[in-house]
1. Going by the structure shown, is Leu334 at pLDDT 95 or above, aliphatic (A, V, I, L, M) and either assigned to a loop (DSSP other than H, G, I, E, B) or within 30 Å of His228 (Cβ to Cβ) (or both)?
2. For residues that are among the hydrophobic types (A, V, I, L, M, F, W, C) and out of contact with any helix residue (DSSP H, G or I) (no Cβ under 9 Å at 6 or more places or on another chain), scanning just the range 16-37, find the one that is surrounded by the most Cβ atoms within 10 Å (Cβ to Cβ).
3. Any residue at all in the range 38-60 that is among the hydrophobic types (A, V, I, L, M, F, W, C), buried (at least 16 other Cβ atoms within 10 Å of the Cβ), outside the structural domain of Thr417 (by TED's automatic domain parsing) and more than 17 Å from Val381 (Cα to Cα)?
4. Cβ contacts < 7 Å: first residue acidic (Asp, Glu), restricted to the range 358-377; second residue not in a helix (DSSP H, G or I), any location; separation 6+ or different chain. Result?
5. Failed condition for Ala269, given (1) over 17 Å from the mean Cα position of the chain (by Cα); (2) within 20 Å of Ile183 (Cα to Cα), with all others met?
6. With the structure loaded, tell me whether Ala211 is hydrophobic (A, V, I, L, M, F, W, C), over 26 Å from Leu353 (Cβ atoms) and without any contact (Cβ under 8 Å) to a residue 40 or more places away in the chain or whether it fails that test.
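The values are calculated or read from the model by the stated rules, or taken from the named source; none is laboratory data. Just so you know, these numbers come straight off a predicted model, no measurement behind them. Neighbour counts run over all protein chains shown; Cβ positions are idealised from the backbone, glycine included.
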Amino acid sequence: MQSYLLKNITVADIHSPFNGQTGDLAVIDGKISDFGQAIDEQQFEKVYDFSECIITSSFVDLRCNSTEPGFEHRDTFESLNKTALAGGFSHLCLLPNSNPPRNTKSDIEFVMNQVNKFPVRFLPLGTITQNMQSDDLSEMYDMKKSGAIAFSNSNNPIENSGTMSKAILYSKNFNGLIYSFCISKQLSKGAYVSEGTIALSLGLKGIPQHAEYLMVQREIELADYHQHRIHISKISTERSVELIRQAKLQGIKVTCDVAVMNLALTDEAISDFDSNLKLTPPLRHANDVRALWEGLYDGTINAICTDHYPLEIEKKALEFEYASFGAITLQMALGIAIEGRNRFFPQMSDEQLFEKLNYNPSNLLNIELPCIEVNQEASFVIINPHKQTIIDRKNNQSLSWNSYYLNKPLSYFIEGTCIKNQIYFNKQ
C-alpha cells in the first residue's frame, strides 16, 4: 500500500465539494481517501506540508506539436513527458505533424505503443488530409479506431471549402472531431506579424485580421450545414470571438481554444525583433487580447492550449523575417496564463482560469478528469501562488530553448504534479 498526506493545502477546484477549503488531503493507493483537519500522520508513508499552496485537478493540453518520429532533436516522447509533468499536465494532445505525418492507423499505433510507459497520457491526433497538404482525406475512421483522439492538419489550414466540407461530413459518421486552424494562406502570404501600426512602424508585412475570421465564419457555416461539431483551434482576433459567440447562441455546434501566448502579450512585444515571438497566429492588438479573455470568461472560448512548438536553434537564431514560427510553452503555460490574466482580466479567479486548463479541455475531448474528491483518482497539480517560476537551462525539461520567457520570472510555481501513486516534484 502506498500512501501520502498533503497537509494544510487549499483546494481551488470548481468541481470539488472542498473548493475553497484548507485542510489535509490523504492519498492511498492512487486514490484520494480523505480530506479534513488534523488527519493522523502516522498511517502515511510520506507527509508533505503545503501551507499557502493550492491544489486543483491536473491540466489537459489540447494542442502540442509532435516531435517523434522525425524531430527527436527538438523533443522526444520522454522529454515531452517530463515537460508536461513540470507544467502540471496529465494529458497531452499530439498534433500529427511528425515526420512522416500521421496519416494511417499504423502511425497512431506507433505512438500508442511508444507512450504507454509514461505517466502522462498522450492523445495522438491524425491528419485530416494526406500529409496535411492534399485534398485527399486520410484514413480517419481507421485512425480513430486505433486511438486517435481527433484530427488536424496542424498549422496547415484547409483552404478548399469542399475538402473541409467532406471532412466534416465523413467524420460525422463516427463522431470524429475535426480541429480547424483558421488562417488564409492567400491573404497572409509573405506576412508574419499582425497587420497594424506596429507592423507598419517596424517595416514588417502584416497578416490582416480577416485572414482568420473569414475562415472562422466558413467553419461555422459548415458546422451548421452538416449539424456536426467542429473545433476551431487558436483563435486570436476580436471578430473571431464575436462570430463564435453568436454561433453558440444560435445553437451551432462549434468549440474553440486560444493559444496561451496570445493571452499574455500584444504585438507591441515584437518591437525588439525577438524571433521567439514569431508565432502563428501572430501576437495581436490589445483589444483582441481583452476580447479573448472576455470570451474565456463568458464561455465563448472553451479552453486554453499551449501550442508547444520546440524548434532547433538554427530555426530561430535568424532575422525575424526568416525565423520559423513557434515557441516552447508547455512547462510555463500556467505562469504565462497568470501573467496575461493579471494584466488584461484580473476579475477572473484562479478557479475559473484553472477550469480552462483542465475540465473544459477534458470535456471537449470527452475524457474523464478526476476532481479533488474522496474516492477519486489522484490526478492533480500543486501550485504555490507566492513563488515565482523561472525557467532556465538548468530546469528546462524540453530539449529546445525557443522561448521569450527563458530566464524571465513568471507568477506562480508548480510544486508538483500527481498522477496516481506518485508526485513528480519540480526543482528550482
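1. Details: at pLDDT 95 or above: yes; aliphatic (A, V, I, L, M): yes; either assigned to a loop (DSSP other than H, G, I, E, B) or within 30 Å of His228 (Cβ to Cβ) (or both): no.
For Leu334, the condition - at pLDDT 95 or above, aliphatic (A, V, I, L, M) and either assigned to a loop (DSSP other than H, G, I, E, B) or within 30 Å of His228 (Cβ to Cβ) (or both) - is not met.
2. The first filter runs over the range 16-37 and keeps only residues among the hydrophobic types (A, V, I, L, M, F, W, C), leaving 18, 25-28, 32, 35.
Next, only the ones that are out of contact with any helix residue (DSSP H, G or I) (no Cβ under 9 Å at 6 or more places or on another chain) stay: 18, 25, 27, 32, 35.
Numbers: Phe18: 21, Leu25: 27, Val27: 23, Ile32: 24, Phe35: 21.
For the range 16-37, the residue satisfying everything is Leu25.
3. No: the range 38-60 contains no residue that is among the hydrophobic types (A, V, I, L, M, F, W, C), buried (at least 16 other Cβ atoms within 10 Å of the Cβ), outside the structural domain of Thr417 (by TED's automatic domain parsing) and more than 17 Å from Val381 (Cα to Cα).
4. So the pair list comes out as Glu373/Ser16; Glu373/Pro17; Glu373/Ile32; Glu377/Gly30; Glu377/Lys31; Glu377/Pro370; Glu377/Lys420.
5. Evaluating Ala269 over (1) over 17 Å from the mean Cα position of the chain (by Cα); (2) within 20 Å of Ile183 (Cα to Cα) leaves (2) as the failure.
6. On the way: hydrophobic (A, V, I, L, M, F, W, C): yes; over 26 Å from Leu353 (Cβ atoms): yes; without any contact (Cβ under 8 Å) to a residue 40 or more places away in the chain: yes.
The answer is yes for Ala211.
Quick grid of which residues meet (1) within 18 Å of Gly295 (Cα to Cα); (2) of a type in the set (Val, Ile, Thr); (3) under 18 Å from the mean Cα position of the chain (by Cα); (4) in the same structural domain as Ile149 (by TED's automatic domain parsing):
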| residue | (1), (2), (3), (4) |
| --- | --- |
| Ile178 | no, yes, yes, yes |
| Ala191 | no, no, no, yes |
| Ser194 | no, no, no, yes |
| Ile198 | no, yes, no, yes |
| Tyr213 | yes, no, no, yes |
| Gln217 | yes, no, no, yes |
| Lys234 | yes, no, yes, yes |
| Leu243 | yes, no, no, yes |
| Asp274 | no, no, no, yes |
